[in-house]
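The values are calculated or read from the model by the stated rules, or taken from the named source; none is laboratory data. Keep in mind it's a predicted model, so treat the numbers as computed, not measured. We place every Cβ from the backbone using ideal geometry, glycine too, and count neighbours over all the protein chains shown. Heavy atoms of the whole protein, side chains included, go into the accessibility calculation; ligands, DNA and RNA do not. Shrake-Rupley method; radii C 1.70, N 1.55, O 1.52, S 1.80 Å.
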Amino acid sequence: MASSWAFSKAEREAVYRALLTRRDIRHFRPDPIPEEVLERLYQAFHAAPSVGLTQPWALVEIRERATKERVFALHQKARARERVLFQGKAQQVYDRLRLEGLLEAPLHLAVFQRPVARSLGHHTMPETLAYYSVVLAVGNLWTAARAEGIGVGWVSILDPEAVARLLGAPPGYRLLAYLCLGYPRAWPDEPLLERAGWRRREPLLRYRERFP
C-alpha cells in the first residue's frame, strides 16, 4: 500500500523533472529575479537538513556591477592558473569553454560555512557541516530555482580566500559555493561539458555490501 505521505504521480514527475533537468547555466538574461521568487528560493535553502540542526550557513548577495567585476578579475586569475594544467587538444577545448556567467547574471550568491557552537553529530565527521549541511542547502536552492525557471551556475574557478577577503567575511567563515543566478538565455538539453566534448557522463558506480 502506498504511503499517505507520498506525492501524487504528477507531483513526483515534477520533482524528478526538476532534478534531472538541472543544468549549470552560463548564459543569463539581464532580467532581475523578482523578490518574491528569491524569498521562495531562500526558504528552500534554509529548509535544508543540517547536522545537529546547526544551520551553519550564511549568504552574501552581490548585485553591484563593480563587485561582480572584482570577482570576475579573481576568476580570470584562477582560470589562467588552471589553464596550464592542460596541454594540447585539452587546452584548446578548455580555452573554448564558457566556464562562468559572472558579468551576465543579475545576482551572485556567495555561500559560506560559518563557525557554530558545539553541537551533536559532527565531531567524528566534521565535514558534515559542509556537506550534510551547507551543500545540501545549495542543492535545495538549485532544485527550487529549476522549478521556477531560474538558472544557477556554480563558479568553482576562484580562490575562496580571496573572495572571502573581498566580501569582508568574518574570521572562521569559509566560502563553499559561489553561485550565479538569473533567467537563462536557453535551457540546454545536456550539460555544457558534455556538449563541448570535454567528458561524457559515466555509469553510476554501485556495489552491494562492500567493494569487490
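Before I look further, what does segment 130-169 give for accessible area per residue, probe 1.4 Å, in whole square angstrom?
Heavy-atom SASA per residue in segment 130-169 reads 39 Å².
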Fill in the blank from the handout: Each label sits 7 Å from Cα toward the beta-carbon; between R206 and H46 the label points are separated, in nm, by 3.7 nm
Exercise for the section: For the chain, just say rounded, prolate or oblate: build the C-alpha gyration tensor, square-root its eigenvalues into a ≥ b ≥ c, call rounded for a/c under 1.5, and beyond that prolate if a/b exceeds b/c, oblate if not. Expected result: rounded
Practice task
Report, to the nearest whole %, how much of the accessible area of the chain belongs to carbon and sulfur atoms, 1.4 Å probe, protein only.
Solution key: 56 percent
Exercise for the section: Compute the length gained on full extension between M125 and R83: take 0.36 nm times their separation in residues and subtract their Cα-Cα distance, giving the result in nm to one decimal. Expected result: 11.8 nm
Problem - Inter-label distance, nm, simple model (7 Å from Cα along the C-beta direction), D159/E35 - result: 3.7 nm
Handout entry: R0 of 22 Å, Cβ-Cβ distance R199-T21: FRET efficiency to nearest 0.05
Key = 0.70
Practice task
Residues in segment 47-66, backbone N under 20 Å from the label point at R114 (7 Å along the Cα-to-beta-carbon vector): list them, ranges by number please.
Solution key: 47-63
